[in-house]
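Asks: Please read through the structure below; I'll follow up with questions.
Derivation of every value follows stated rules applied to the coordinates shown; laboratory data play no part. All values derive from a computational prediction rather than experimental measurement. Every residue, glycine among them, receives a Cβ derived from its backbone with ideal geometry; neighbour counts consider all protein chains shown.
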Number of protein chains: 2
Amino acid sequence: MGIQFYKIKTTYKGSHYLGWQVQSKYQGRTIQGEINKALSKVFKSLEVKTVGSGRTDAGVHAIGQVFRVEAPFFIDNVALCRALNSLLPKDIKIREVALTDSSFHPVHSAKSKEYRYFFTNEWPPSPFYFDSISYFKGPLDVGKMKKATELFLGSHDFENFFCEGTPVKHKRREIFECELVEKVEMGIGPFEGEIDKLFLFRVRGSGFLKQMVRLMVGAVLEVGKGQLSLNSLEAAINNHSKGKVGPVAPPQGLYLYKVFYN
Amino acid sequence: MGIQFYKIKTTYKGSHYLGWQVQSKYQGRTIQGEINKALSKVFKSLEVKTVGSGRTDAGVHAIGQVFRVEAPFFIDNVALCRALNSLLPKDIKIREVALTDSSFHPVHSAKSKEYRYFFTNEWPPSPFYFDSISYFKGPLDVGKMKKATELFLGSHDFENFFCEGTPVKHKRREIFECELVEKVEMGIGPFEGEIDKLFLFRVRGSGFLKQMVRLMVGAVLEVGKGQLSLNSLEAAINNHSKGKVGPVAPPQGLYLYKVFYN
C-alpha cells in the first residue's frame, strides 16, 4: 500500500510550547514539531507531512485539535496511536486515529470550531491551576458580561478583534454560539476545593482570526469591570468604531475544545 | 512590639522545586527559599527565620504544609497573607496566617501527619496531570492492594522503608490510618473526563522517614502487580526481612496533605 492519510485528534497542555505551528528550529519547541518527530520515528522517514486545523498560540491548550497525516505507508490505527503516545512528551497525547483520504483537509473541511476559556477571580489563585486557568482580579458584573457575550452572535467583520499575523482574505466570521457560564467546581483528587467558582466563556464559530478569542474575552472582562459599556462593545463588534476595546486575555485559560466536521 | 511568631499554612505545586528545604544556593530553587525571600521583603530584613513541619522532596506537592515564622515585628495576619501571596511565585500560595508563640514548633508540636498519593493506570496518561498524578502501567489487583495497606497500621520499625538522609534517632513510627481508595473523578472545567478512575493511597502517622511514603506506595504497587506477596510485605514491614521490597514511587503523585496539632 502506498501513501496513507490519517485524521488524528490530539490533546495537549500548551504551557511549555511556542504553539501548534512548526517554526524556525532556533525559536523553540512546538506541538506540531514534537508530533512530526514522533511520526518520523514511527514511519522511519522525514517525509511525513502534517496539517493542523489551525494554529494555537504559545501557552494555549487543546482538548480536541485535529490534524491530518500524510504517511508513506499504512500502519494500523490502534498501533499508530499507541506508538505515538509512547514517543510523545508527557504534555501531548493522541486521543483518536482514523483513516481518511486526501479530500479531507483539517482547515477547509471544518464546519466550525469551539474554543473554551476558563477563568476565576478567587484570590489567591490556586498554585495548581496557574498555567491552565486564568485569574482576573476583583469583582465582576456577571450579568453584564453575559449580555456582552450575546453581542458576538451572528456574522461580523472582526477587524477590532484581530492581531496581525498570517494574511487573511477578509475578517468576516460567523459566531454560532457564545455564552458565559458560571460553574461550581470541586477539582479532581488533591485539588478538591482549590477552585470553587469557575467561569467558562464558550464560543463556537465558522473560524477565528489570530488572537480573536482572547480579544473577545478581554473585551468581555472590561465590561465586567465596568470599564467598557455594552454600546461601545457593540460598536466595536459591528466595526463602527476603530481599535481594540480590551486587552488580549492571557493564553493559559484558552482551549481549542473541538473542531466540527460534517 | 518585638519578635513575633506566626504559624502559617501553605499550598504548593512542587514540580519546579528541589523540595521544601533551603539548600546551598548553587543547587536550585526550594519552596522555603522562595518563602524566605518574600518574608525578607515584607519585613525588610534578612533575619526572618522559618521552620517547616518537615521536608518535602523535589517534585512533591503540599496542600497543607505548616511552618513557623520568627519575625522582627508585628504585621496584621491578613495583611501578611496578602503581601506574601503578592510576592510569591504562582506555584506557591499562603492559605492561613495565625499568631503563635515560641512554644509552638512545627515538628515537635505535630501529633500526626497525613500524606496522600494519587495515581491512575488509565492509558494514555492525561497531558494535564502528568506532573500532579502518577501513572502506573497495566492492570492492578486492587483487592490485594487494599489488604497490603492494612499491614502498615500500627507501630513498626520502618528500616526497609527508608532512604539515607538526615540522621534519625530510630526508625520506629506509628501508622494510625492507611487505606487505598478508588475514586471516580470527572476533573475540573476543561479537564472533565481526562481521568475517570483515580486511586488514592492515604496514610496518617506519627511521623515519616525520608521517602517512606513513596516506598510504601512502591511496595503496594508491587503487590498490585503480583510481584510481591502479602507475606513478604508483612515481613518487610515487621523488619523480619532485609532490604526494600519495591521501588521508590515517583514524586509527582505525592501530597503532604495535613499536619495535625493538638
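Asks: Can you tally the net charge around residue A:176? Count Lys and Arg as +1, Asp and Glu as -1, for every other residue whose Cβ sits under 15 Å from the Cβ of residue A:176.
Replies: With Lys, Arg at +1 and Asp, Glu at -1, the neighbours total +3.
Asks: Additional query: Which entries of A:197/B:41; A:183/B:197; A:171/B:90; A:9/A:225; B:90/B:137 show an alpha-carbon separation above 27 angstrom in the structure shown?
Replies: In this structure, A:197/B:41; A:171/B:90; A:9/A:225; B:90/B:137 exceed 27 Å between Cα atoms.
Asks: Provide, for q = 0.26 Å⁻¹, the log10 of I(q)/I(0) from a solvent-free Debye sum over equal Cα point scatterers in region B:64-115.
Replies: Calculated log10 I(q)/I(0) at the listed q: -1.17.
Asks: Next up: Between chain A and chain B, with a rotation axis joining them, whose C-beta in A is nearest that axis, and what is the whole-Å distance?
Replies: A:188, 3
Asks: According to the Kirkwood expression over distinct Cα-Cα pairs, how big is the hydrodynamic radius of the protein assembly as shown, in Å?
Replies: When all Cα pairs of the protein assembly as shown are included, the Kirkwood radius is 25.6 Å.
Asks: Packing-wise, with mean Cβ within 10 Å as the measure, how do B:235-244, B:99-108 rank, highest first?
Replies: B:235-244, B:99-108
Asks: Counting Lys and Arg as +1 and Asp and Glu as -1, each charge on the Cβ, what is the dipole of region A:112-261 about the Cα centre in debye, to the nearest 20?
Replies: Charge dipole of region A:112-261: 560 debye, to the nearest 20.
Asks: Run through every distinct alpha carbon pair of region B:111-261 and return the Kirkwood hydrodynamic radius in angstroms, one decimal place.
Replies: Result for region B:111-261 stands at 15.8 Å.
Asks: Can you give the local net charge around residue A:142? Use residues other than it whose beta-carbon is closer than 13 angstrom to its beta-carbon, Lys and Arg +1, Asp and Glu -1.
Replies: Once all neighbours under 13 Å are counted, the net charge is +3.
Asks: Select from A:30, A:120, A:166 the residue whose mean-square fluctuation is largest in a Gaussian network model of chain A (Cα-Cα springs shorter than 10 Å).
Replies: In this elastic network of chain A, the residue with the biggest mean-square fluctuation among A:30, A:120, A:166 is A:166.
Asks: Here's something else I'd like to know. Placing the label point 7 Å from Cα along the Cα-to-Cβ direction, what are the distances from residue A:98 to the equivalent spots in the other copies, shortest first, in nm to one decimal?
Replies: Spelled out, the distances from residue A:98's label point are 5.6 nm.
Asks: Rounded to the nearest 0.05, what FRET efficiency is calculated for residue A:111 and residue A:192 with R0 set to 41 Å and r the Cβ-Cβ distance?
Replies: In this case the efficiency is close to 0.60.
Asks: Quick check of the Kirkwood formula: for region A:4-100, what is the inverse mean of 1/r over all pairs of different Cα atoms, in Å?
Replies: Taking every pair of different Cα atoms in region A:4-100, averaging 1/r and inverting gives 13.2 Å.
Asks: Another question about this same structure. Contact order normalised by length for region A:4-100, with contacts defined as Cα pairs under 8 Å and 6 or more residues apart; what percent is it?
Replies: Relative contact order of region A:4-100: 45 percent.
Asks: For residue B:111, which aspartates and glutamates qualify as cross-link partners when the Cα separation must be under 17 Å and same-chain residues fewer than eight apart are set aside?
Replies: Once the sequence-local aspartates and glutamates are set aside, what remains near residue B:111 is B:174, B:177.
Asks: A further question on this structure: Quick one: of the DSSP bridges fully inside chain A, what percent are antiparallel, nearest 5?
Replies: That works out to approximately 90 percent antiparallel.
Asks: Rounded to the nearest 0.05, what FRET efficiency is calculated for residue B:123 and residue B:184 with R0 set to 22 Å and r the Cβ-Cβ distance?
Replies: That gives a FRET efficiency of 0.80.
Asks: Please work out the Cα convex hull volume for chain B and give it in Å³ per residue.
Replies: Output value, Cα hull per residue: 139 Å³.
Asks: Can you tell me, using C-alpha contacts under 8 Å and at least 6 residues apart, the relative contact order of region B:108-221 as a whole percent?
Replies: 35
Asks: Under 16 Å from the 7 Å Cα→Cβ point of residue B:75, by amide nitrogen: which residues of region B:82-105?
Replies: Zone members listed by number: B:82-89, B:93-100.
Asks: Further question: Sorted from shortest, what are the nm distances separating the label point of residue B:165 from equivalent points in the other copies, each placed 7 Å from Cα along Cα to C-beta?
Replies: Copy-to-copy label distances at residue B:165, shortest first: 4.4 nm.
Asks: If you take each beta carbon of peptide A:118-128 and count the beta carbons of other chains within 10 angstrom, what is the mean?
Replies: Per residue, the average neighbour count from other chains is 5.
Asks: With +1 on the Cβ of every Lys and Arg and -1 on the Cβ of every Asp and Glu, and nothing else charged, how large is the dipole of chain A about its Cα centre, in debye rounded to the nearest 20?
Replies: 640
Asks: Defining the label point at 7 Å along Cα→Cβ, can you sort the distances from residue B:77 to the same site in each other copy, shortest first, in nm?
Replies: Ordered by increasing distance: 5.9 nm.
Asks: Further question: Find how many whole Å separate the alpha carbon centroid of region B:126-202 from the alpha carbon centroid of region A:151-209.
Replies: Cα centroid to Cα centroid, the span is 38 Å.
Asks: Another question about this same structure. Taking chain A as the reference, fit the longest principal axis to its C-alpha atoms, fit the long axis of helix A:212-224 to the helix C-alpha atoms, and give the angle between the two in degrees, 0 to 90, nearest 10.
Replies: Between helix and principal axis, roughly 20 degrees.
Asks: Let me ask another. Explain nothing, just the number: relative contact order of region A:166-262, from Cα pairs under 8 Å at least 6 residues apart, as a whole percent.
Replies: It rounds to 22 percent for region A:166-262.
Asks: Mind pulling the angle between the C-alpha long axis of helix A:31-42 and the longest principal axis of chain A? Nearest 10 degrees, somewhere in 0 to 90.
Replies: 20
Asks: If you don't mind, another one. Please list, by residue number, everything in region B:236-253 whose backbone N is under 18 Å from a paramagnetic label point 7 Å out along Cα→Cβ of residue A:16.
Replies: Backbone N within reach: B:250-253.
Asks: Using only Cα atoms, find the angle between the long axis of helix A:77-87 and the longest principal axis of chain A, and express it within 0 to 90 degrees, rounded to the nearest 10.
Replies: Value to nearest ten degrees: 70.
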